[in-house]
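Student: This structure is in structure tokens; I'll ask about it shortly.
The values are calculated or read from the model by the stated rules, or taken from the named source; none is laboratory data. This is a predicted model, so every value here is computed, not measured. All Cβ positions, even for glycine, are placed from backbone atoms using ideal geometry, and neighbour counts span all protein chains on display. For the accessible areas, the whole protein counts, side chains as well, though only heavy atoms, and no ligand, DNA or RNA atoms are used. Shrake-Rupley method; radii C 1.70, N 1.55, O 1.52, S 1.80 Å.
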Amino acid sequence: MGNAADNVEILKDAYQRWADTKGGSVEHFMAIVSEDIRFGSIARGAPEMTFATTYDNRTALRGYFEGLLSDWEMLHYTVDEFVAEGDAVVMRGSTAWRNKKTGQVAETPKVDFWRFRDGKACEFYEYYDTARVFAAATG
């Protein structure tokens, strides 16, 4: 089991960079995940968010970030709290993104589940208001 406080610090730094750069810190996220990261999204690859699907390695995970940043512009990413126990960390916050094709904004609560192994994130799953995101993506 990892040190919960260390895992939270890794994520605090990563989310701060993500917010400060409006999504420009992809390389930092790639550096904190393990080669065999298991990644999932509540959108499950729906047509409005085909990139928000499952990935099972760091190389493939780049597709998530490429799709996200190609289709969406971050307006804000706000972290409210982290809850950690053992090797698991949950982030609760909110975010808003503008769809580049429709110009519509999706503002949503956001919850991310992380699991760490040997100082690297080996599991991730994101939860957000898919109805709002899908509506913004379709105009």
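Student: What net charge is computed for the residues neighbouring Ala136, neighbours being all others with C-beta under 15 Å from the C-beta of Ala136, Lys and Arg scored +1, Asp and Glu -1? Kindly include the intermediate steps, with their values, before the conclusion.
Tutor: Working: positive: Arg98, Lys100, Lys101, Lys110, Arg132; negative: Glu48, Asp71, Glu73, Glu107, Asp129.
Once all neighbours under 15 Å are counted, the net charge is 0.
Student: Ratio to report: Rg/Rh of the range 60-126, with Cα atoms as the point set and Rh obtained by the Kirkwood method; give two decimals. Each step should come with its number before you reach the end.
Tutor: Values: Rg = 13.9 Å, Rh = 13.4 Å.
That ratio is 1.04, to two decimals.
Student: If Lys and Arg each add +1 and Asp and Glu each add -1, what is the summed charge of the other residues whose beta carbon sits under 14 Å from the beta carbon of Gly45?
Tutor: Details: positive: Arg44; negative: Glu48, Asp56, Asp71, Glu126.
Neighbour charge sum, excluding Gly45 itself: -3.
Student: Further question: Quote the charge dipole size of the chain about the Cα centre in Debye, to the nearest 20; the model charges only the Cβ of Lys and Arg (+1) and of Asp and Glu (-1).
Tutor: Taking the Cα centre of the chain as origin, the dipole is about 440 debye.
Student: Okay, next question. Quick check: at a probe of 1.4 Å, how many percent of the accessible area of the chain sits on carbon and sulfur atoms?
Tutor: Details: 3490 of 7010 Å².
Of the solvent-accessible surface of the chain, carbon and sulfur hold 50 percent.
Student: Taking only protein heavy atoms and a 1.4 Å probe, what accessible area per residue, in Å², does the chain have with all protein chains in place?
Tutor: Working: 7010 Å² over 139 residues.
With all protein chains present, the chain gives 50 Å² per residue.
Student: Taking Cα centroids, how far is the range 1-34 from the range 86-123 in Å?
Tutor: The distance from the Cα centre of the range 1-34 to that of the range 86-123 comes to 11 Å.
Student: Quick one: which residues, 5+ away or cross-chain, put their amide H under 5 Å from the amide H of Asp87? H built at 1.01 Å from N.
Tutor: Gly2
Student: Please identify every one of the trypsin sites (Lys or Arg not before Pro) in the range 70-139 that sits in a loop by DSSP and has no more than 16 other beta carbons within 10 Å of its own beta carbon.
Tutor: Values: sites: Arg92, Arg98, Lys100, Lys101, Lys110, Arg115, Arg117, Lys120, Arg132; in loops: Lys100, Lys101.
Answer by residue number: Lys100, Lys101.
Student: Also: Which residues' amide hydrogens lie under 5 Å from the amide hydrogen of Glu123, considering only partners 5 or more residues apart or on another chain, with H built in the peptide plane?
Tutor: Under 5 Å from the amide H of Glu123 lie the amide H atoms of Arg38, Arg115, each far enough along the sequence or on another chain.
Student: So what are the three principal axis dimensions of the range 7-114 from its Cα atoms, in whole Å, longest to shortest?
Tutor: In descending order, the Cα extents are 41, 28, 23 Å.
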